[in-house]
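The structure appears right after this line, and notes come after that.
The values are calculated or read from the model by the stated rules, or taken from the named source; none is laboratory data. Computed from a prediction, not measured in an experiment: that's the story for all the values here. All Cβ positions, even for glycine, are placed from backbone atoms using ideal geometry, and neighbour counts span all protein chains on display. Just so you know, the surface numbers come from the protein's heavy atoms only, side chains and all, with ligands and any DNA or RNA stripped out. Shrake-Rupley method; radii C 1.70, N 1.55, O 1.52, S 1.80 Å.
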Amino acid sequence: MIIIKELTKKYGDKTVIDRLNICLPDKGCLAVCGVSGCGKSTFLSILAGIESITSGSVTPSPAELEASMSFQDPCLLPWLTAAENVNLALGDKKETLPYARELLHRLAVDYTDSYPSALSGGMKARVGIARALARKSHLYLFDEPFAALDDGTADIVASAIHEFTAGALSIAVIHNTEFARRFADTVITFGSSPISDFSVSGVSVERL
Amino acid sequence: MEKEKKISILKKLLAIAGVAAFWIGLWTIAAYRVNAELILPSPQATVSRLAELLTDRQSYIIAGMSLLRVFAGTVSAMSAGIVFAAAASRFVIIEHLISPLVTIVRATPVVSFIILAFLWLGNALLPGFISFLMVFPIVYTNVKTGITETPAEYLKMADVFGLGKFTRIKRIYIPSALPYFSSAARSSFGLAWKAGVAAEVLVCTQNSIGLEIYNSKTYLQTVDLFAWTSVIIILSLIIELIFSKLTLHIDKKRKSRLENDNNQGAYKKIR
């Protein structure tokens with residue numbers, strides 16, 4: 001269980017997350033919803049250990065969590081092919097490259113040896129997701145994984161996420177609440193009134 | 001299409017020939033009016049001396065030795081520039097130590113260094129050292145900028161996926177700094193070549209173009225001065241051409257990967 005206590009994140013004077021209290025389960029699929037700018041992506045970045053905390057605590061610490069993450073902007077290295085980008089998460093070894101290609105095929109990306117500049121926005125997003133899935137972890141974080149995808153492809157990606165993250169906790173920021181309900185077993189909505197159930201304040205939790 | 005391309009090349013060549021004819025014509029008229037080879041030799045006299053130099057084996061040894069000295073200085077400066085730029089990006093103390101040196105080297109007239117370094121190194125090593133001083137600040141500054149301007153999101157990604165030092169250097173830092181290095185390499189060799197030859201002139205390095213220029217001044221052989229200067233210009237153009245071809249090849253290879261080229265991407269090709 002990941003225990004988040006009084007978590008506050010400020011950028012200068014602007015408070016993005018204000019005293020968030022929540023306990024996250026060890027496994028399952030969580031969708032984080034909420035209006036733009038309510039701190040969803042910051043929340044994921046904090047769990048990934050790439051954003052610092054202003055105050056409060058995350059237990060175990062992000063460094064101990066060793067999360068794998070796909071970013072809102074896929075953040076692919078433009079000088080590496082799609083497969084080589086995925087292979088980074090596998091230790092950048094020659095022998096793991098075929099598995100990276102396999103993962104990309106699983107996410108319906110056929111142009112595994114093309115450079116990111118030659119891929120569409122949706123394909124780039126899936127390369128980023130494949131890279132996150134390639135790494136073995138107990139915590140997977142996906143920042144708007146379905147934003148650039150059509151419904152059919154989103155279903156393929158959702159099923160791959162469920163398959164590869166089975167037994168671990170995966171958290172995805174999703175804008176479309178309807179899709180979030182289909183994808184996740186729990187939907188957390190940021191920016192709503194506190195609910196005592198599920199040890200939560202500052203967010204609402206909907207168990208599905 | 002092919003025909004249009006040929007016409008365009010022909011037009012360019014004609015334009016170059018026209019410009020060259022204009023300046024050579026002007027030079028010929030000026031030499032004719034001055035009518036003193038000691039002050040301004042004619043293009044014909046210069047070309048004929050140049051032809052003599054080109055048939056003399058010793059000229060090749062002299063030019064080769066000058067090139068070798070400058071090349072050694074440039075390659076050492078490039079290697080040192082890369083190493084120190086990497087170290088300065090990692091350790092602030094090294095940046096603090098190197099930055100004033102770079103500023104001083106950039107601000108000091110090259111002739112001051114030539115005279116000072118002559119006292120320390122003698123005339124054989126000096127041209128290489130001066131070339132080193134010309135190239136090092138350019139390569140150091142450019143490569144350091146390339147490393148420090150590596151996009152932060154790439155480094156965040158590297159943190160998330162726990163990429164090791166070697167992978168970060170190979171996959172992130174080197175590709176990020178490469179265009180900065182190639183731009184430094186393109187501009188620095190020409191500078192090193194000119195400064196190296198200037199050093200040879202001032203300290204009379206044995207077997208050097210600089211010494212030939214010095215002798216032409218001493219014995220008032222202005223035709224020799226023009227001919228050797230032509231050698232410097234020709235070699236400089238050849239070197240710059242080689243360097244720009246080499247670095248452009250690297251840049252082109254890189255750009256073909258990065259640019260949104262319809263002919264490159266398999267996905268877009270099919271679309």
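Under the definition of Cα pairs under 8 Å and six or more residues apart, what whole-number percent is the relative contact order of chain B?
Values: 258 pairs, mean separation 61.4, N = 271.
Once normalised by length, the contact order is 23 percent.
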Worksheet item: Taking the alpha-carbon set of the stretch A:70-171, what are its Rg and Dmax in Å?
Response: 12.2, 35
Worksheet item: What is the log10 of I(q)/I(0) for the stretch B:55-149, computed with the Debye formula using one identical point scatterer on each Cα and no solvent, at q = 0.13, 0.18 Å⁻¹?
Response: -0.51, -0.84
Response to the item:
Here the Kirkwood hydrodynamic radius of the stretch A:5-76, Cα-based and in Å, equals 13.1
Practice prompt. Using Cα pairs closer than 8 Å and at least 6 residues apart in sequence, work out the relative contact order for chain A, in percent.
Written response: 29
Discussion item. Just to compare against my own numbers: the Cα pair-distance distribution for the stretch B:1-132, 10 Å bins, whole % per bin, please.
Written reply: 10, 19, 20, 25, 18, 8, 0
Item to complete: With the Cα gyration tensor of the protein assembly as shown in hand, convert its eigenvalues to equivalent ellipsoid semi-axes via √(5λ) and list them largest first in whole Å.
Response: 64, 27, 18
Discussion item. Only Cα pairs within less than 10 Å get springs; with that Gaussian network setup on chain B, which residue of B:56, B:159, B:224 has the largest fluctuation?
Written reply: B:159
Worksheet item: Going by a 1.4 Å probe on protein heavy atoms, which residues of the stretch A:115-137 end up with at least 40 Å² less accessible surface in the whole assembly than in their chain alone?
Response: A:115, A:117, A:118, A:135
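Please give the calculated 222 nm ellipticity per residue for chain B, where each DSSP H segment of at least 4 residues contributes -39500 (n - 2.57) and the sum is spread over every residue; nearest 500 deg cm²/dmol? Please report the intermediate quantities before stating the final value.
Details: 11 runs with 230 residues, N = 271.
Computed ellipticity for chain B at 222 nm equals -29500 deg cm²/dmol.
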Practice prompt. Could you size up the charge dipole of chain A around its Cα centre, putting +1 on the beta carbon of Lys and Arg and -1 on that of Asp and Glu, and report it in debye to the nearest 20?
Written response: 260
Practice prompt. Could you tell me which of A:133, B:118, A:85 has its Cα farthest along the dipole of the protein assembly as shown towards the positive end, charges placed at Cβ (Lys, Arg +1; Asp, Glu -1), taken about the Cα centre?
Written response: B:118
Worksheet entry | Per residue, in Å², the accessible surface of chain B once ligands and nucleic acids are set aside, probe 1.4 Å | 60
Discussion item. Given bins 10 angstrom wide, list per bin the percent of all Cα-Cα distances in the stretch B:164-206, short to long.
Written reply: 24, 26, 22, 17, 10, 0
Worksheet entry | Ellipsoid equivalent to the stretch B:173-258 - semi-axes via the Cα gyration tensor, in Å | 36, 13, 7
Fill in: A:47, B:54, B:211, ranked by accessible area, largest first (probe 1.4 Å)
B:54, B:211, A:47
Discussion item. Please give the Cα centre distance for the stretch A:85-144 versus the stretch A:1-54, rounded to the nearest Å.
Written reply: 26
Worksheet entry | Of all accessible heavy-atom area on the stretch B:7-68, the percent that carbon and sulfur account for (1.4 Å) | 73
Item to complete: For the stretch B:89-143, state what percent of all Cα-Cα pairs lands in each successive 5 Å bin, counting from 0 Å until the bin that includes the largest distance.
Response: 4, 18, 26, 22, 15, 9, 5, 1
Practice prompt. Could you tell me which of rounded, prolate or oblate describes chain A, using a ≥ b ≥ c as the square roots of the eigenvalues of the alpha-carbon gyration tensor, with rounded for a/c under 1.5 and, failing that, prolate when a/b is larger than b/c and oblate otherwise?
Written response: prolate
Fill in: Separation in nanometres of the label points that stand 7 Å from Cα toward Cβ, at residue B:174 and residue A:177
5.1
Item to complete: Calculate how steeply helix B:43-55 sits against the longest principal axis of the alpha-carbon atoms of chain B, using the helix alpha-carbon long axis, and give the answer as 0 to 90 degrees to the nearest 10.
Response: 70
Worksheet item: Sorted by accessible area with a 1.4 angstrom probe, largest first, how do B:140, B:154, B:219, B:214 fall?
Response: B:219, B:214, B:154, B:140
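Interface size between chain A and chain B, please: total buried accessible area, 1.4 Å probe, rounded to the nearest 100 Å². Write down the numbers at each step before the final one.
Numbers: alone 9860 and 17520 Å², together 24990 Å².
By this definition, chains A and B bury close to 2400 Å².
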Worksheet entry | Distant alpha-carbon pairs in the stretch B:95-220 (separation over 20 angstrom), percent | 57
Worksheet item: Once you average over the residues of A:105-114, how many Cβ atoms of partner chains fall within 10 Å of each Cβ?
Response: 2
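Find the accessible area per residue for chain A; the probe is 1.4 Å, ligands and nucleic acids are left out, and the unit is Å².
Values: 8670 Å² over 208 residues.
About 42 Å² of surface per residue is accessible.
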Worksheet item: Could the peptides B:164-174, B:118-128 be put in order, highest first, of the mean number of other beta-carbon atoms found within 10 Å of their residues?
Response: B:118-128, B:164-174
